[in-house]
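Peer 1: Dumping the structure here so I can ask a few things about it.
Only the coordinates and a few stated rules stand behind these numbers; no lab work does. Note that the coordinates shown come from a computational prediction; the quantities given were computed from them, not determined experimentally. With ideal geometry, Cβ positions are generated from the backbone for all residues, glycine too; neighbour counts draw on all protein chains shown.
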Amino acid sequence: MHAKNLVGIWTIDSFQIEDCATGQRTHPWGERPSGMVMFSPEGRMSALITPGGRSHPKTEGDEAAAFSSMLAYSGRYRVEPPNRLVTSVDIAWFEPWVGSEQVRYLDLSGDKLTLTSAPLNMPQQNAPMFAVVTWRREPARQSG
């Protein structure tokens, strides 16, 4: 797998977390989350995921809930053979990720990309989890 195969914009299809101990999978952002990940040719990436169907916050509590129900981070990425994607995080919604290296395992088939994390501790989870995220490549726009 080469980094150039990732370059572009990808839209989320699904986000599941799997309990490392039980293998049970759940959809923390629902069956239809919203999200995008962008990989630049220069080796930078940025990702944002939210639950699908969110409403506009009306109170400070709503705003706090909206923030706690999202995922966002960015940094420099590299691909290590045979299928490891490593992002050196320089900004994140979850401060403990800043300065870390986030490891994902790639499976690319046509315009479908599946990223599976190494075991990690996600906010609001009480045990190590795997994240399994599937994306579809956005078609390139024709200019002019």
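Peer 1: Could you give each residue of region 66-82 its phi-based ³J(HN,Hα) in whole Hz, using Karplus coefficients 6.51, -1.76, 1.60 with θ = phi - 60°, and x for Gly or Pro?
Peer 2: Values, residue by residue: 5, 5, 6, 9, 10, 9, 8, 7, 8, x, 7, 10, 8, 10, 10, x, x Hz.
Peer 1: Using a 10 Å cut-off around each Cβ, can you sort HIS27, HIS2 from fewest to most neighbouring Cβ atoms?
Peer 2: Working: HIS27 14, HIS2 9.
Ordered from fewest to most neighbouring Cβ atoms within 10 Å, HIS27, HIS2 come out as HIS2, HIS27.
Peer 1: While we're on this one: Normalised by the residues of region 48-120, what does the relative contact order come to in percent, with Cα pairs under 8 Å and at least six apart? Walk me through the numbers on the way to the answer.
Peer 2: Working: 101 pairs, mean separation 14.3, N = 73.
Once normalised by length, the contact order is 20 percent.
Peer 1: Can you give the longest run of the chain that contains no GluC sites (Glu not before Pro) sitting in a DSSP loop with at most 13 other Cβ atoms inside 10 Å?
Peer 2: Details: sites that count: GLU31, GLU42.
Answer - 43-144.
Peer 1: Along region 13-29, what does the Karplus equation 6.51 cos²θ - 1.76 cosθ + 1.60 (θ = phi - 60°) give for ³J(HN,Hα), rounded to whole Hz, x for Gly and Pro?
Peer 2: Once rounded to whole Hz, the list reads 9, 7, 9, 10, 10, 10, 5, 4, 7, 9, x, 6, 10, 9, 10, x, 10.
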